[in-house]
Amino acid sequence: MGNAGTKSWKAIAAAKKADQLSKIPKEWLITDPPADDVLNVMTVPETCGLLTSKELEITGVKDAVVLLDKVAKGEWSAVDVTSAFYKRAIIAHQVTNCLTEIFVDKALSWAESLDKQFKETGKPVGPLHGLPISLKDQICIEGMDTVMGYVSWVNKPAKQNAVLVDVLLAAGAVPFVRTNVPQTLMFPETYNVVFGRTVNPYNRSLTPGGSSGGEGALIALGGSLMGVGSDIGGSVRIPAGMCGLYGLRPSYNRIPYQGAMNSSLGQESIASVLGPLCASASGLRVFTKAVLDGEPWMHDPVCIRKPWDESEYQLKKHGGGKNMCFGIMWDDGVVKPHPPVLRALKMAKAALLAAGHTVIDWVPPVSHSVLRAHAMAIFYADGGENFYDDCVPTKEPLLKSMAPDAPPAEQLDMPFGAKPMNKGGTVPEPLKPLSAYELWKIQWKLRALRKDYLDGWMATTAKTSTGRPIDGLITPVAPYAAPPLGKYTYSYYTSFCNTLDYPASVFPVTVVDPALDVPQPPHQFRYPEDQIAYNLYTSPDVYKDAPVNLQLVGQKLEEEGVIGLTEVVVAALQDHAESTSQ
């Protein structure tokens, strides 16, 4: 049923939230939750007293390969694993507000079916047999709402699964929760008026990122081992980075998107993609290989017919993973990174050098400011009308900020300071809708910029001494670790990969250390965003306990290579940390 003309948006939102809470088993509620001023809640699952020793053992596993092996050997049943992670997910929700749809009975029914087939055949159903997988509240499951942060999308259950859900079920996975997002999905934070705000479990005064922020908070707390988010400007990598996880942004149409919801449907110049967030590096490979082995192009008409390439993963085109050369982007020329991020880059360089690789400095061959301007013109070619139209049925507010001190308006107003048009749409200021021809010209210019960037990458052959261009590019995920709520103002350290369609991973390196990461004197600010970011780091204590991740970028459709390269870098960091601590 729809919502237009029935109740106020506040009543609809309140009813949906109440329905969500009613689905939480009462015995899974924390009797003595941490006070609001307790910022780090990472130990709550272990200390709240709700999880049994077996449930703690199961959910304490971080490596997907280890968990899958135990289930495949019959040591743990799919029901055991799903129940344990479900309980821990509910605990995580109570301290971070990370979930949207809760469907315990449905998930356990899927798990019971897997156990039945395993008992009958003695074999796992597929490569993900018994693995609970969380899904961003955008990936449709038949019979459930896909609210995506809009009040007007409440009480509109999906008629069928997204293709990816069917692929995961066929592989033996158990979709078991859906996770929170910002309204429109076009924010690097996570807040909407239906389900509320998701916070970072390392420090609840900080953002978990977005738009897959619910996934980031959930997996960081061990409430899921592997989840699926989407990424059009960093929405997988940002929350993975802010929450100390691993994440992968694949190239356009490598992972099936058919049947998932999104904002700005039809905008395909810079396409949204689905990708995994994981507690371990191995999860990136496990997820990607399992999905590709399911031949999703048989069900998604735009999914690329490219099976998993083991030789790419083994880095055959990158010297077999030996004596490689990496580029490091210390600064994108727009916003200078904070001290913790620069320290993480130095740690990565030292580790790679110690492992026998070489490292060269990378200066973008095309201004990221120019790339960003073209991307933003494409994203808002409609003048913001799509977002506004999705709010019209219930007259809910169109959010303009994720800041806690900027609450939503009582009723719908024009987005981005817009003025109404005769046709009922909007003309945001300073954004104006583009004509089809104007959009074509921007898209054609972007093609030329992509060529220039590729040429710059290939030109590094003259500097690498391997006979190849750089094997991978290491960059910040953001100019900062997780910033205070509402303060994530610059996302182009991730978004440039979406603009160029470069696959990219993120991986944890360190945490903010106030003793090491002291504020630096002001520099000559290049852009307003640069000064805003600088002013966010007056005290390292604000970022207490925040993880610091980095990003690894590869060439288009080189997902297997990016995963392999990530494992090399992560191993180098671990080895270097061990050798220097002795």
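The values are calculated or read from the model by the stated rules, or taken from the named source; none is laboratory data. Predicted model only: the values in this text are computed from it and were never measured. As a convention, Cβ positions derive from the backbone with ideal geometry for all residues, glycine included, and neighbour counts pool all protein chains shown.
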Checklist entry - Across the stretch 134-166, which residue is nearest to Thr59 (Cα to Cα) among those that are of a type in the set (D, E, K, R) and assigned to a loop (DSSP other than H, G, I, E, B)? => result Asp137
Next on the checklist: Going through Val341, Val359, Val334 one at a time, which residue ends up being of a type in the set (A, V, I, L, M), at pLDDT 95 or above, assigned to a loop (DSSP other than H, G, I, E, B) and assigned by TED's automatic domain parsing to the domain that holds Lys463?
Outcome noted: Val334
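Can Tyr537 be described as within 18 Å of Leu342 (Cβ to Cβ) and either in the same structural domain as Leu284 (by TED's automatic domain parsing) or assigned to a helix (DSSP H, G or I) (or both)?
Answer is no for this residue.
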Checklist outcome for this item: Residue pairs qualifying under the 8 Å Cβ cut-off, at least six apart or on distinct chains, with the first in the stretch 306-326 being more than 16 Å from Ser465 (Cα to Cα) and the second being among the small types (Gly, Ala, Ser) and surrounded by fewer than 20 Cβ atoms within 10 Å (Cβ to Cβ), are Gln314/Gly320; Gln314/Gly321; Leu315/Gly321
Next on the checklist: Any residue in the stretch 501-529 that is in contact (Cβ under 8 Å) with a residue 40 or more places away in the chain sitting within a Cβ distance under 8 Å of a residue that is surrounded by fewer than 13 Cβ atoms within 10 Å (Cβ to Cβ) and assigned to a loop (DSSP other than H, G, I, E, B)? List the pairs, counting only those 6 or more apart or interchain.
Outcome noted: Pro519/Thr538; Pro519/Ser539
Item to check | For Ser251: the one exception among (1) small (Gly, Ala, Ser); (2) within 17 Å of the chain's Cα centre (by Cα); (3) surrounded by fewer than 21 Cβ atoms within 10 Å (Cβ to Cβ) | outcome: (3)
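So which helices (runs of 4 or more DSSP H) stay within the stretch 1-97 end to end and still have 1 or more residues that are touching a strand residue (DSSP E or B) at 6+ places or on another chain (Cβ under 7 Å), surrounded by 15 or more Cβ atoms within 10 Å (Cβ to Cβ) and among the aromatic types (Phe, Trp, Tyr)? Spell out how you get there, then give the answer.
Working: elements: 9-22, 44-47, 53-59, 64-72, 78-96.
Because the criterion is at least 1 residues that are touching a strand residue (DSSP E or B) at 6+ places or on another chain (Cβ under 7 Å), surrounded by 15 or more Cβ atoms within 10 Å (Cβ to Cβ) and among the aromatic types (Phe, Trp, Tyr), the helices (runs of 4 or more DSSP H) in the stretch 1-97 that meet it are 78-96.
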Checklist outcome for this item: Pairs returned, first residue in the stretch 285-299 that is under 20 Å from Gly247 (Cβ atoms), second residue that is of a type in the set (Gly, Ala, Ser), beta-carbon separation under 8 angstrom, 6 or more apart or interchain, are Val286/Ala64; Phe287/Ala64; Ala290/Gly126; Ala290/Ala171; Ala290/Ala173; Val291/Ala171
Checklist outcome for this item: The condition from (1) closer than 30 Å to Gln531 by Cα; (2) in contact with a His (Cβ under 9 Å, 6 or more places away or on another chain) that Ala354 misses is numbered (1)
Checklist entry - Out of the stretch 458-486, which residues are touching a residue at least 40 places away in the same chain (Cβ under 8 Å) and surrounded by fewer than 19 Cβ atoms within 10 Å (Cβ to Cβ)? => result Ala459, Lys463, Thr464, Ser465, Thr466, Arg468, Pro484, Gly486
Checklist entry - Is at least one residue of the stretch 503-522 at pLDDT 95 or above, in contact with a Lys or Arg (Cβ under 6 Å, 6 or more places away or on another chain), assigned to a helix (DSSP H, G or I) and of a type outside the set (Lys, Arg)? => result no
Checklist entry - Is it true that Thr96 is polar (S, T, N, Q), touching a helix residue (DSSP H, G or I) at 6+ places or on another chain (Cβ under 6 Å) and farther than 14 Å from Pro175 by Cα? => result yes
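Sort through Met186, Met226 and tell me the only one that's surrounded by fewer than 24 Cβ atoms within 10 Å (Cβ to Cβ) and within 13 Å of the chain's Cα centre (by Cα).
From the options Met186, Met226, the qualifying one is Met186.
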Item to check | Within the stretch 263-280, tally of residues that are over 22 Å from Glu560 (Cβ atoms), surrounded by 18 or more Cβ atoms within 10 Å (Cβ to Cβ) and of a type outside the set (Gly, Ala, Ser) | outcome: 2
Checklist entry - When you scan the stretch 224-281, how many residues do you find that are at pLDDT below 95 and part of a strand (DSSP E or B)? => result 0
Checklist entry - Across the stretch 282-318, which residue is surrounded by the most Cβ atoms within 10 Å (Cβ to Cβ) among those that are β-branched (Val, Ile, Thr) and more than 15 Å from Val228 (Cβ to Cβ)? => result Ile304
Checklist entry - Considering the stretch 368-390 alone, what residues qualify as being over 25 Å from the mean Cα position of the chain (by Cα) and either surrounded by fewer than 19 Cβ atoms within 10 Å (Cβ to Cβ) or part of a helix (DSSP H, G or I) (or both)? => result Glu385, Asp389
Item to check | Evaluation of Tyr543 against (1) aromatic (Phe, Trp, Tyr); (2) touching an Asp or Glu at 6+ places or on another chain (Cβ under 9 Å); (3) under 26 Å from Tyr453 (Cβ atoms) (one fails), failing number | outcome: (3)
Checklist outcome for this item: Pairs returned, first residue in the stretch 93-116 that is at pLDDT 95 or above, second residue that is assigned to a strand (DSSP E or B) and among the polar types (S, T, N, Q), beta-carbon separation under 8 angstrom, 6 or more apart or interchain, are Thr96/Asn200; Cys98/Thr179; Leu99/Thr179; Thr100/Thr179
Checklist entry - Any chance the stretch 392-411 includes a residue that's modelled with pLDDT of 95 or more and of a type in the set (Val, Ile, Thr)? => result no
Item to check | So Ala354, is it surrounded by fewer than 18 Cβ atoms within 10 Å (Cβ to Cβ), closer than 13 Å to Val568 by Cα, assigned by TED's automatic domain parsing to the domain that holds Pro479 and over 23 Å from the mean Cα position of the chain (by Cα) | outcome: yes
